[in-house]
Amino acid sequence: MSEATVGEGHAALIESSPYGIQSKKLAMWLFIVSDACTFAALLVGYGFLRIGSLNWTKPFDFSPSIINALVMTVILLTSSLTMLAAVGAAKAGNRPRVFRWLGFTMLLGAIFAAMHLREWFKLFSEGWGLQANPMGGDPQFGATFFGVTGLHLLHVVSGVVALAVIALGYSSKRLDANHVETAGLYWHFVDIVWMFVFPLLYLMNMR
């Protein structure tokens, strides 16, 4: 029996998805739904603590904290556009352009993460912590802020690593356009989550 026949036999044994969607995409959608529930629970919990506190701290002014967060937002939204370009190039079969656009996306994600960490270290230097509030207000602000933004930052860093793996795999023809599209779903989800985190934890905490 030839290797081609064996391969065809193995492919015939793989059960197709009953939902009209590739298994990898279905798995990613299920992950996104479950992860969305996690972020929703955290943000609802944050809102509950904020509304229930009589002495909630609003530590951010328009400059430079909010400006820094605005720049981070623009960077992350731009990375969604470069990710869309990568997916479009993958569907067209243009491997060099896929690698280039994924590289831009990873670069923007890395810049976002670096700016976020710089902001964290600035807050740490000012005395903020998980249960430390140098302004004398509710100490739970630090726990909620670092908890929610930290989880989102972890998703961004994980996404950059995942995109690097996808880029290398696609350029070597071990992965196909569907893998790029599936990674794009994750990246867009991370961007959408930030559009909730930014107004709730930054804009609503301006003094």
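The values are calculated or read from the model by the stated rules, or taken from the named source; none is laboratory data. Here the structure is a predicted model, which is why all the values come from computation and not from measurement. Positions of Cβ are generated from backbone atoms using ideal geometry, with glycine treated the same way; all protein chains shown enter the neighbour counts.
Details
- Residue check, ILE75 within 17 Å of GLY150 (Cα to Cα) and either surrounded by fewer than 17 Cβ atoms within 10 Å (Cβ to Cβ) or in contact (Cβ under 8 Å) with a residue 24 or more places away in the chain (or both): no
- Of all residues in segment 133-152, those being within 19 Å of GLY45 (Cα to Cα), without any contact (Cβ under 8 Å) to a residue 24 or more places away in the chain and not in a helix (DSSP H, G or I) number 1.
- Considering segment 21-76, the residues that are touching a helix residue (DSSP H, G or I) at 6+ places or on another chain (Cβ under 9 Å) and of a type in the set (S, T, N, Q) include one that is nearest to LEU175 (Cα to Cα), namely GLN22.
- Comparison of LEU49, LEU117, LEU123 shows that the only residue that is within 23 Å of THR144 (Cβ to Cβ), in contact with a Ser or Thr (Cβ under 7 Å, 6 or more places away or on another chain), assigned to a helix (DSSP H, G or I) and at pLDDT 90 or above is LEU49.
- Scan segment 83-98 for residues that are of a type in the set (Gly, Ala, Ser) and surrounded by fewer than 16 Cβ atoms within 10 Å (Cβ to Cβ) and the total you get is 2.
- Residue identified as in a helix (DSSP H, G or I) and closer than 15 Å to THR57 by Cβ among MET204, MET195: MET204
- Entry remark, segment 12-39: residues being more than 12 Å from LEU185 (Cα to Cα), aliphatic (A, V, I, L, M) and either at pLDDT 90 or above or part of a loop (DSSP other than H, G, I, E, B) (or both) number 3 in total.
- Residue match in segment 183-192 (condition: β-branched (Val, Ile, Thr), in contact with a Phe, Trp or Tyr (Cβ under 7 Å, 6 or more places away or on another chain) and assigned to a helix (DSSP H, G or I)): no
- Listed by first and then second residue, the pairs with beta-carbon distance under 7 Å, at least 6 apart or on different chains, first residue in segment 153-173 and in contact (Cβ under 8 Å) with a residue 12 or more places away in the chain, second surrounded by fewer than 22 Cβ atoms within 10 Å (Cβ to Cβ) and outside any helix (DSSP H, G or I), are ILE166/LEU175.
- Against the test of being farther than 19 Å from PHE146 by Cα and surrounded by 15 or more Cβ atoms within 10 Å (Cβ to Cβ), the options SER80, SER63 yield a single qualifying residue, SER80.
- Lone unmet requirement of (1) modelled with pLDDT under 95; (2) surrounded by fewer than 19 Cβ atoms within 10 Å (Cβ to Cβ); (3) within 30 Å of VAL98 (Cβ to Cβ) for TYR170: (2)
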